[in-house]
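Here is the structure we will look at, set down as structure tokens.
Every read-out reported here was derived from the displayed coordinates using simple, explicitly stated rules and does not represent laboratory data. It should be emphasised that the depicted structure is a prediction, and the values quoted were computed from it without experimental measurement. Reconstructed Cβ throughout: ideal geometry from the backbone, glycine too, with neighbour counts over all protein chains shown.
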2 protein chains.
Amino acid sequence: MTEHTAYNPSIVLIGAGNVATHLGKAFHEAGCRIRMVYSRTKESARILAESIGCPYTTDITSIDNEADIYIVSLKDSVLDHILPELVKCNSKALFVHTAGSVSIDIWKGLTHRYGVLYPMQTFSKQRDINFDNVHFFIEANTEEDTELLIKTASLISRHIFKASSEQRKYLHISAVFACNFANHMYSICEHLLTSHGLPFSAMLPLIDETAEKVHHLSPVSAQTGPAQRDDHNIMNNHLSLLKDEPEIAELYLRISENIHNYQRNKK
Amino acid sequence: MTEHTAYNPSIVLIGAGNVATHLGKAFHEAGCRIRMVYSRTKESARILAESIGCPYTTDITSIDNEADIYIVSLKDSVLDHILPELVKCNSKALFVHTAGSVSIDIWKGLTHRYGVLYPMQTFSKQRDINFDNVHFFIEANTEEDTELLIKTASLISRHIFKASSEQRKYLHISAVFACNFANHMYSICEHLLTSHGLPFSAMLPLIDETAEKVHHLSPVSAQTGPAQRDDHNIMNNHLSLLKDEPEIAELYLRISENIHNYQRNKK
């Protein structure tokens, strides 16, 4: 008879921004012990640590040295500076970062066990995330730690994939288009509507259908509108509506041209 | 005791493209009698007419002359040419077009009763639409016909609004950003993923959350990613990934700059 004990790694969170906050709470709720939160900003560290019920520090030399996994969710630009200091706290643990765009090689030569745990999602502090549907992309420097990371991510999500750093670069830039840039199209839409006394909420059924449609059709086949039909009449009218907004007019023109090229090459 | 009879106008569909097809089927299912389909393309006219069970014609001088409402869903650029011929078929009926971008004044001087019935949605032939949630924007040249159009649209949707031609212009260009341009960001995403052996389906949870988020946060507040954080490190890496795709790189740069401007003005 084998006794199955629950797999519950203990974790230190390095960072207290959007990603660290959502991941930390999810692992905490999944039964993992969060041993500490580190952030350079005391207020952020305190808020996250209190919501989980764990200690925090702003001093990189005082980080807890007994965790199984250290999860680093910091601005990419500070990693080069912070990681060499961080790894000193524990020579046996597994260190991972959560950045889509940063290679696993950033850890090379710093410590023995390392990897990447990339949750491909858009995180805002004001909004709860259901991790069940978040896709995680996993990489580690050994097969054993790859399996360990898969087990760890499986505690909070049902969608775990292995991905190399090279693949992750393309996942990340693709996510920028599908999420950040699509969202910016919503921002321009809201700006145009509210400057003419119209409510953004009127657009929500259209936004929903546009997202839902690409579950069933490829985006190129799903495309509609003046640029898809190559209707220069309407496009010129639209450009004249944007005559006081040269940057938006420029985007309108270039995106329309690009839509037209994609339609031409459709098959 | 008053007898309530159902309001069921009889309709002729002018056009057999995506909008005419979806609208025609919806009105047919709501119990309206579709008296005829007109299209310049025989095959399109036949397919739509057969699916509804009504006659069709490709001859503008043979259009049925007994309908209550004539609904025109044609490419905007042919309206100037076709409407003067069309109105000859019936001097008493109500004529409407469904184009977001075309003023009600296109009917002026042609006939006595006219208006606009604009369903703000993205229609593809391959995909059914639930009209319940489609927002309709209504305009007519008399108060009486405005009310009649509201009653008509209410047969298939719960969201009917009056909108002037001036407002509709801004609704339409805003819809191009929120729908067509957001969808093009999905197209670029799919292109980047499939050229690197990655499946577009991995992106769907992110696309869904991005759309769902703006039900609760304004798009500017919901924004995340390298441009929002002004992370030039990542943006430069992304631009170097796009070095063989100058048009996409140009879009990346300009949309990122525009996101940064919107974030700076957020307050």
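Brief remarks follow.
- For the peptide B:229-237, the mean number of other protein chain Cβ atoms found within 10 angstrom of a residue's Cβ is 4.
- Residue among B:Ala175, B:Ala30, B:Ala49 with the largest mean-square fluctuation in a Gaussian network model of chain B, springs linking Cα atoms under 10 Å: B:Ala30
- With all pairs of different C-alpha atoms in the average, the Kirkwood value for the hydrodynamic radius of the range A:90-227 is 17.6 Å.
- Relative exposure of A:Asp76, B:Asp145, judged by other C-beta atoms within 10 Å (fewest first): A:Asp76, B:Asp145
- Computed FRET value (nearest 0.05) for B:Asp59 with A:His215, which takes r as the C-beta separation and R₀ as 35 Å: 0.30
- Label geometry 7 Å along the beta-carbon vector: B:Asn265 inter-copy distances in nm: 3.2
- 0 to 90° range, to nearest 10: angle between helix A:204-213 axis and chain A longest Cα axis: 70 degrees
- Choice from A:Ile34, A:Ile14, A:Ile207 showing the highest fluctuation, given a GNM over chain A with Cα pairs closer than 10 Å: A:Ile207
- Selected from B:Gln121, B:Gln223, B:Gln167 as most flexible by GNM, with chain B as the system and alpha-carbon contacts under 10 Å: B:Gln223
- Diffusion constant of the range A:11-163 at 25 °C, which comes from Stokes-Einstein with the Kirkwood Cα-pair radius and 0.890 mPa s, µm²/s: 161 µm²/s
- 0 to 90° range, to nearest 10: angle between helix A:165-175 axis and chain A longest Cα axis: 40 degrees
- Taken residue by residue and averaged, Cβ atoms of other chains lying within 10 Å of the Cβ of B:191-197 number 5.
- Separation of alpha-carbon centers, the range A:220-258 and the range A:22-98, rounded to whole Å: 46 Å
- Using only alpha-carbon positions in the protein assembly as shown, the gyration tensor eigenvalues give semi-axes of 53, 22, 21 Å once each is multiplied by 5 and square-rooted (largest first).
- Cα-based shape type of chain A, given that a ≥ b ≥ c are square roots of the gyration tensor eigenvalues and the cut on a/c is 1.5: prolate
- Burial ordering of A:Lys25, A:Lys75, B:Lys266, fewest other beta-carbon atoms within 10 Å first: B:Lys266, A:Lys75, A:Lys25
- Calculated label separations, A:Arg46, copies of the chain, 7 Å along the beta-carbon direction, nm: 7.7
- In degrees, nearest ten, helix A:232-241 long axis to first principal axis of chain A (Cα): 70 degrees
- Label-zone membership for the range B:87-120, site B:Arg40, 7 angstrom Cα→C-beta point, backbone N under 16 Å: B:87
- Charge dipole (Cα centre; +1 on Lys/Arg Cβ, -1 on Asp/Glu Cβ; no other charges) of chain B amounts to roughly 160 debye.
- Extension gain for the segment B:Asp132 to B:Ser77, taken as residue separation times 0.36 nm less the Cα-Cα distance, is 16.9 nm to one decimal.
- Across the identical copies, how the B:Ile60 labels are spaced - nm, sorted shortest first, 7 Å along Cα→Cβ: 7.4
- P(r) of the range B:170-264 over all Cα-Cα pairs, binned every 10 Å from zero, in whole percent: 13, 42, 39, 6
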